[in-house]
Amino acid sequence: MTITINGQPYDLPADMRVSLLDLMRERLDLPGTKKGCNQGACGACTVLVDGERILACLALAAQYDGRSVTTIEGLADGEDLHPLQALFVQHDGLQCGYCTPGQIMSAVALSNEFSRGAPSSVTPDLDVPATPNREEVRERMSGNLCRCGAHNGMIDAIISYLSEYSR
Ligand code: FES
Ligand code: FES
């Protein structure tokens, strides 16, 4: 069984109990994805699987045989940061930085969700694609908690990204 992470194939562990988060952090030397609560409450472990966000602490690695995972280590292009990474820095969207990888991966997925017109629980009209405003972004980022309180800068960074890069 094989999993692809950031374009590189890895063998899945024989032990079916290993979470995707522990596989990456403890066995594959990919510590960019963070372990906060380890119980699905904080969003620190958010990664993309085939473009959709999941919580890696709640995922068994074995479930992802044949799937493609993207982590924070897979976003930058060499020395060039992904635009969301650069905008988080520019807008002071981080303090200690522990929640930041999960926040950024969630924001990448959020952008994809707007692009395909997916509604959220605050979208007023389900027949009209959601407007990427602050209320929508706050709702869609509500699964990612920041104990430092850097949320306002993150929202600014994401709004800026959506206005500049999404269509
Ligand atoms: S570490 Fe996965 S949600 Fe907190
Ligand atoms: S920047 Fe410290 S937890 Fe979010």
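We did not get these values from a lab; they are worked out from the coordinates using the rules stated. Everything numeric in this text was worked out from a predicted model, so none of it was measured. FYI the Cβ positions are ideal-geometry reconstructions off the backbone, even for glycines, and counts take in every protein chain you see.
Please state the charge dipole magnitude for the chain, taken about the Cα centre, from unit charges on C-beta atoms (+1 on K and R, -1 on D and E), reported in debye and rounded to the nearest 20. Write out the running numbers ahead of the final one.
On the way: 13 positive and 21 negative charges, 85 e Å.
That gives a dipole near 420 debye.
Could you state the angle between the C-alpha long axis of helix 100-115 and the longest principal axis of the C-alpha atoms of the chain, as a value from 0 to 90 degrees rounded to the nearest 10?
60
Mind pulling the angle between the C-alpha long axis of helix 151-165 and the longest principal axis of the chain? Nearest 10 degrees, somewhere in 0 to 90.
Helix 151-165 and the main axis of the chain meet at about 80 degrees.
Using only the alpha-carbon atoms of the stretch 2-88 as identical scatterers, what base-10 log of I(q)/I(0) does the Debye formula give at q = 0.14, 0.27 Å⁻¹?
Those come out to -0.45, -1.50, one per q.
May I ask for the net charge around Q90, where only other residues with Cβ less than 12 Å from the Cβ of Q90 are counted and Lys, Arg are +1 while Asp, Glu are -1? Please list the in-between numbers first.
Numbers: positive: none; negative: D92, D156, E164.
Local charge sum for Q90: -3.
Could you work out the relative contact order of the chain, using alpha carbon pairs under 8 angstrom and six or more residues apart, expressed as a whole percent?
On the way: 283 pairs, mean separation 39.1, N = 167.
Value for the chain: 23 percent.
Have a look at the DSSP beta bridges in the stretch 1-132 and tell me what percent are antiparallel, nearest 5.
Values: 12 of 14 bridges.
Here the antiparallel bridges make up roughly 85 percent for the stretch 1-132.
Roughly how compact is the chain, stated as its Cα Rg over 2.2 N^0.38 Å to two decimals? Please report the intermediate quantities before stating the final value.
Details: Rg = 15.8 Å, N = 167, 2.2 N^0.38 = 15.4 Å.
So the Cα radius of gyration is 1.03 times the expected 2.2 N^0.38 Å.
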